[in-house]
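Please treat every number below as a calculation from the coordinates, not as lab data. The structure displayed is predicted, hence computed values, not measured ones. No Cβ is skipped: glycine too gets one built from the backbone with ideal geometry, and neighbour counts run over all protein chains shown.
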């Protein structure tokens with residue numbers, strides 16, 4: 001039975017986090033299935049970290065609060081650029097996070113379905 005504290009991407013036998021080799025291999029496989037180039041328009045090789053930038057852009061374009069996006073992506077406190085007062089007045093409920101996850105699911109569902117059909 002899964003709990004809220006379980007790791008999303010872990011070795012099913014040991015329960016340990018997946019390593020960089022696993023991420024690289026599966027990321028490249030997913031890019032191939034989605035028929036996406038491994039290189040961006042500037043010629044830079046895409047990496048799993050590129051997904052953070054993509055997700056950030058999509059969520060902001062969908063109107064998700066920039067502060068909520070930063071919180072979700074786990075950016076350090078320094079990059080929040082929030083004052084102590086603003087942090088004190090900024091609270092995220094379970095409903096806010098559910099809405100964010102629903103947005104992610106809605107945006108990526110067509111890509112995932114296309115990958116499953118192949």
FRET E, pair residue 51, residue 96, Förster distance 35 Å, beta-carbon r, rounded to 0.05: 0.95
Using 0.36 nm per residue, how much length does the chain from residue 60 to residue 109 gain when fully extended, once their Cα-Cα distance is taken away? 15.8 nm
Overall Cα dimensions of the range 7-48 - principal axes, largest extent first, Å: 39, 18, 14
Could you check the simple spin-label distance between residue 71 and residue 39, using points 7 Å along Cα→Cβ, in nm with one decimal? 4.1 nm
Between the modelled labels at residue 26 and residue 9 (7 Å from Cα along Cα→Cβ) the distance in nm is 0.6 nm
